[in-house]
1. I'd like to check something: does the stretch 14-22 contain any residue that is exposed (fewer than 15 other Cβ atoms within 10 Å of the Cβ), in a helix (DSSP H, G or I) and modelled with pLDDT of 95 or more?
2. Looking at (1) touching a helix residue (DSSP H, G or I) at 6+ places or on another chain (Cβ under 8 Å); (2) touching a residue at least 40 places away in the same chain (Cβ under 8 Å); (3) open to solvent by 30 Å² or more (accessible area, probe 1.4 Å); (4) polar (S, T, N, Q), find the lone condition where N2 falls short.
3. Pairs needed: first member in the stretch 33-45, farther than 19 Å from N71 by Cα and part of a helix (DSSP H, G or I); second member anywhere, among the charged types (D, E, K, R) and open to solvent by 50 Å² or more (accessible area, probe 1.4 Å); C-beta distance under 8 Å; at least 6 residues apart or different chains.
4. Give the stretch 46-68 a look and list any residue that's without any contact (Cβ under 8 Å) to a residue 40 or more places away in the chain and either under 13 Å from K79 (Cβ atoms) or assigned to a loop (DSSP other than H, G, I, E, B) (or both), or say none.
5. Look through the stretch 52-83, keep the residues that are basic (K, R) and closer than 17 Å to S28 by Cβ, and return whichever of them is farthest from the chain's Cα centre (by Cα).
Amino acid sequence: MNIKLELFGASKDFSKRSFIEFYLEEKSTIKELRVAIIKFIKINFNDNEGYKKIVNSSSFCSYKNEIVSDNYKISNDEKIGIIPPIGGG
């Protein structure tokens, strides 16, 4: 399934666009999306530790603008937002 990851705050450095698209298996979770983003960073940003920290400390929100846990099951073609912490914490 296709996932459109909307970028906010410090995560906007991950792309020249305001989003990144990922392909994940059906019934994937936020945790699996996190892994896919880390792989993207490894490939596109030379395994940038700062960017990986951003991903690991970020919250995610559903298309309904609700903060969701790592166990949240993503539906087909859903938009998900990544919300990094502000000010490092």
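The values are calculated or read from the model by the stated rules, or taken from the named source; none is laboratory data. Computed from a predicted model, the values in this text were never measured in an experiment. Counting neighbours? That spans all protein chains shown, and the Cβs are built from the backbone with ideal geometry, glycine included. Remember, those area values only see protein heavy atoms, side chains included, never the ligands or the DNA or RNA. Shrake-Rupley method; radii C 1.70, N 1.55, O 1.52, S 1.80 Å.
1. Scanning the stretch 14-22 turns up no residue that is exposed (fewer than 15 other Cβ atoms within 10 Å of the Cβ), in a helix (DSSP H, G or I) and modelled with pLDDT of 95 or more.
2. (1)
3. These pairs meet every condition: I41/D47.
4. N46, D47, N48, F60, C61, S62, Y63, K64, N65, E66, V68, listed by residue number.
5. Top of the filtered list is K73.
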